Amino acid sequence: MQRALRPKRFHQLWPFYLLAAPGILYFLVFHYIPMSGLILAFKEYSPFKGIMDSPWVGLDNFRQFFGTSDFYMLLKNTLLISLLNLIIYFPFTILLSLLLNEVRLKVFKRVSQTIVYLPHFLSWVVIYGITISFFGPSGVINHYLEQWFGSSANFLVSNEWFRPLVIFQSIWKDAGWGTIIFLAALAGINPEQYEAAKVDGASRLQSIWHITLPGIKGTIVILLLLRLGSSMDSNFMQIFLMTNSLNLDVSNVFDLFVYHIGLEQFNYSFAITVGMFKSVASLILVLGANYAARLLGEEGIF
């Protein structure tokens, strides 16, 4: 009976399968099929010999990567930037969503949302140009520092200022865009709960704490898990533009290392080894965080 219904059901749902086909094709072509190239992590790849004829080296690339002095520096720099994004950028998007949700004047709310969304559509090259205009040697900030205190600061070539500037750029560019999902989750909260809380004498802060935040807790957990899954990834274009020889000790991350090793030194096997390590580490972080979330009673990703 069920077998007889399957063709009919597929016939009824074929428009949905057709809509899903481009997305499925994208993941197959650009995500799953390229995974076959991971075999190069266990070979000494030569463009003249090709993938299949290049000699096997086993785990030599991994031993070389974990044995190099750069490994711990790369791991530290990558995790520190991801951690700062997690404890500063991520809560800021939640706070901004709560602030926008509390705006009652619809015209002002729409204008505010548009203003905070706009930086997302600027390229990192433009963001870097704006950063130079403000924090460069002859930028606005240094102009006033020299005028008021008689000295300037080397923001763009300083190890101490690199991470704060990177986090500040991320917040200014993408915090508004990151509020979209939270605002959608906030729209799903029953307004009657706020009315009941108001009748009971609850203030706005109490309503936010006891109604709003519990209402979007599931969304926060899911987005937090997804962010943990990309904690080994850095925004390559942002880091690449902000990096120079004077702040390389804190700006050299895995993505930048892969770029130098793979595209500048043509050591493709070693670059793929680093990328494979990043993917496995990210998978372990997601599985661990998802398991912890389920222990705490949340649904998790899977």
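Of the candidates 112, 97, the single residue that is farther than 30 Å from residue 245 by Cα, assigned to a helix (DSSP H, G or I) and more than 22 Å from the chain's Cα centre (by Cα) is 112. When 32, 45 are checked against the criterion of being over 18 Å from residue 267 (Cα atoms) and either at pLDDT 85 or above or not charged (D, E, K, R) (or both), 32 stands alone in meeting it.
If the condition is being in contact (Cβ under 8 Å) with a residue 12 or more places away in the chain and aliphatic (A, V, I, L, M), then the range 186-212 contributes 186, 189, 197, 208, 211. Restricting attention to the range 142-157, the residues that are surrounded by 15 or more Cβ atoms within 10 Å (Cβ to Cβ) and under 27 Å from the mean Cα position of the chain (by Cα) total 2. With respect to (1) of a type in the set (Val, Ile, Thr); (2) farther than 30 Å from residue 173 by Cα; (3) open to solvent by less than 30 Å² (accessible area, probe 1.4 Å), the lone exception for residue 57 is condition (3). Helices (runs of 4 or more DSSP H) fully within the range 204-302 that include at least 3 residues being within 22 Å of the chain's Cα centre (by Cα) and of a type in the set (Gly, Ala, Ser): 268-295. Exactly one residue among 71, 62, 90, 48 is part of a helix (DSSP H, G or I) and free of Cβ contacts under 8 Å to residues at least 12 places away in the same chain, and that residue is 71.
Filtering the range 122-179 to residues that are free of Cβ contacts under 8 Å to residues at least 40 places away in the same chain and of a type in the set (A, V, I, L, M) leaves 126, 130, 132, 140, 141, 145, 153.
Taking the range 80-94 as the range and being under 12 Å from the mean Cα position of the chain (by Cα) and not hydroxyl-bearing (Ser, Thr, Tyr) as the test, the residues that pass are 81, 83, 84, 85, 86, 90.
The single condition among (1) in contact with a helix residue (DSSP H, G or I) (Cβ under 8 Å, 6 or more places away or on another chain); (2) open to solvent by 60 Å² or more (accessible area, probe 1.4 Å); (3) within 24 Å of residue 88 (Cα to Cα); (4) of a type outside the set (Lys, Arg) that residue 131 does not satisfy is (2).
The values are calculated or read from the model by the stated rules, or taken from the named source; none is laboratory data. Predicted model, so just to flag it, every value in this text is computed and none were measured. Glycine also receives a Cβ, built like all others from the backbone with ideal geometry; neighbour counts cover every protein chain displayed. SASA here: full protein model, heavy atoms, side chains in, ligands and nucleic acids out. Shrake-Rupley method; radii C 1.70, N 1.55, O 1.52, S 1.80 Å.
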